[in-house]
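Input: a single structure, listed below in structure tokens.
The values are calculated or read from the model by the stated rules, or taken from the named source; none is laboratory data. For clarity, every value in this text was computed on a predicted model and none was experimentally measured. Counting neighbours? That spans all protein chains shown, and the Cβs are built from the backbone with ideal geometry, glycine included.
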Amino acid sequence: MALDIGCGSGAYLEMLGQAARRVVGIEPSKGMLRLAAKRTPAWCQLVRAYSRSLPVATSAADLCMSARSLSHESDLHRAVREVARVLRPMSGRWIVADVHAAHRYCCTTIPAEDKCVPIETYKRAIDDIVEVARANALVLESQAVLSVADLDWIPPDLAAHGIEGLDDPTPIFYVLAFRRGAAPPRRN
């Protein structure tokens with residue numbers, strides 16, 4: 001099973017279907033789940049839930065992905081503990097891709113009823129995420145830090161995305177890949 005934790009509009013769900021027989025998109029926002037339902041294949045399950053309380057059995061997931069969602073989680077410790085709990089020991093993987101703390105990005109908006117509303121953004125250092133992951137039996141296997149020069153897609157309005165220009169060396173994204181270690185953390 002593969003989980004897209006904070007799946008948003010469901011952009012990665014079909015891709016995850018290439019890696020797993022069962023794909024579950026987890027998202028707390030009703031508005032984002034409505035968008036995901038429009039683009040998600042029928043074989044993908046969508047569930048309204050928070051990352052800090054995943055509705056998944058212990059050691060049931062082979063892969064978890066958090067793409068631009070961990071920075072919106074208020075309780076990093078609980079969220080990481082939940083990811084570690086649901087991953088299979090020794091083989092489960094967690095991929096995190098999010099906005100780098102050095103990036104001037106300020107907020108995200110999501111659909112809510114008839115308007116878009118901003119959601120809280122928490123900028124965290126990579127070392128802080130790695131430390132919390134390590135405390136929960138997640139082993140860092142690789143990491144990458146990307147600036148605008150590393151991206152294939154460049155936003156048309158760079159300034160709106162907090163980017164000074166194409167030669168701006170400021171890190172904007174990071175990607176971390178973890179493997180689940182042996183001892184499963186307990187659910188509180």
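For region 9-18, which positions are closer than 18 Å to residue 56 by Cα and in a loop (DSSP other than H, G, I, E, B)?
Taking region 9-18 and keeping what is closer than 18 Å to residue 56 by Cα, we get 13, 16-17.
Result: 17, single match.
When only residues in region 19-34 that are part of a helix (DSSP H, G or I) and more than 17 Å from the chain's Cα centre (by Cα) count, which is nearest to residue 115 (Cα to Cα)?
Filtering region 19-34 down to residues part of a helix (DSSP H, G or I) leaves 30-34.
So of that shortlist, the ones also more than 17 Å from the chain's Cα centre (by Cα) come out as 30-31, 34.
Numbers: 30: 13, 31: 10, 34: 14 Å.
Here the residue is 31.
Restricting to region 108-131, name every residue that is hydroxyl-bearing (Ser, Thr, Tyr) and at pLDDT 75 or above. Spell out the reasoning first.
Just the residues of region 108-131 that are hydroxyl-bearing (Ser, Thr, Tyr), to begin with: 108-109, 121-122.
Of everything in region 108-131, those that are hydroxyl-bearing (Ser, Thr, Tyr) and at pLDDT 75 or above turn out to be 121, 122.
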| message | Checking the structure you have, find out if any residue of region 53-68 is basic (Lys, Arg) and farther than 18 Å from residue 86 by Cβ. | response | yes
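A quick yes/no check of all residues on (1) over 15 Å from the mean Cα position of the chain (by Cα); (2) farther than 12 Å from residue 174 by Cβ; (3) not hydroxyl-bearing (Ser, Thr, Tyr):
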position: 45; (1), (2), (3): yes, yes, yes
position: 56; (1), (2), (3): yes, yes, yes
position: 82; (1), (2), (3): no, yes, yes
position: 91; (1), (2), (3): yes, yes, no
position: 135; (1), (2), (3): yes, yes, yes
position: 142; (1), (2), (3): yes, no, no
position: 148; (1), (2), (3): yes, yes, yes
| request: Might you let me know whether region 132-142 holds any residue that is outside any helix (DSSP H, G or I), over 17 Å from residue 66 (Cα atoms), at pLDDT 90 or above and of a type in the set (A, V, I, L, M, F, W, C)? | output: yes
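So which of 101, 137 ends up being hydrophobic (A, V, I, L, M, F, W, C) and on the phi < 0 side of the Ramachandran plot?
Details: 137 fails: on the phi < 0 side of the Ramachandran plot.
That would be 101, the only listed residue that is hydrophobic (A, V, I, L, M, F, W, C) and on the phi < 0 side of the Ramachandran plot.
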| field | Selection within region 108-120 - closer than 12 Å to residue 72 by Cα and exposed (fewer than 13 other Cβ atoms within 10 Å of the Cβ) | value | 109, 118, 120
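Considering each residue of region 154-188, count those that are modelled with pLDDT of 65 or more and more than 17 Å from residue 80 (Cα to Cα), and give that number.
Of the residues in region 154-188, the ones modelled with pLDDT of 65 or more are 167-183.
Retained after the next criterion (residues that are more than 17 Å from residue 80 (Cα to Cα)): 167-173.
Qualifying residue count for the region: 7.
Within region 47-100, track down each residue that is in a loop (DSSP other than H, G, I, E, B), in contact (Cβ under 8 Å) with a residue 40 or more places away in the chain and within 18 Å of residue 121 (Cβ to Cβ).
Going through region 47-100, the residues in a loop (DSSP other than H, G, I, E, B) turn out to be 49-60, 62, 68-69, 73-75, 88-92, 100.
Still in the running and in contact (Cβ under 8 Å) with a residue 40 or more places away in the chain: 51, 54, 56, 58-60, 62, 68-69, 73-74, 88-92, 100.
If the condition is that a residue be in a loop (DSSP other than H, G, I, E, B), in contact (Cβ under 8 Å) with a residue 40 or more places away in the chain and within 18 Å of residue 121 (Cβ to Cβ), then 51, 68, 69, 73, 74, 100 are the ones that fit.
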| field | Residue count, region 80-107 (criterion: at pLDDT 95 or above and either β-branched (Val, Ile, Thr) or within 17 Å of residue 119 (Cα to Cα) (or both)) | value | 5
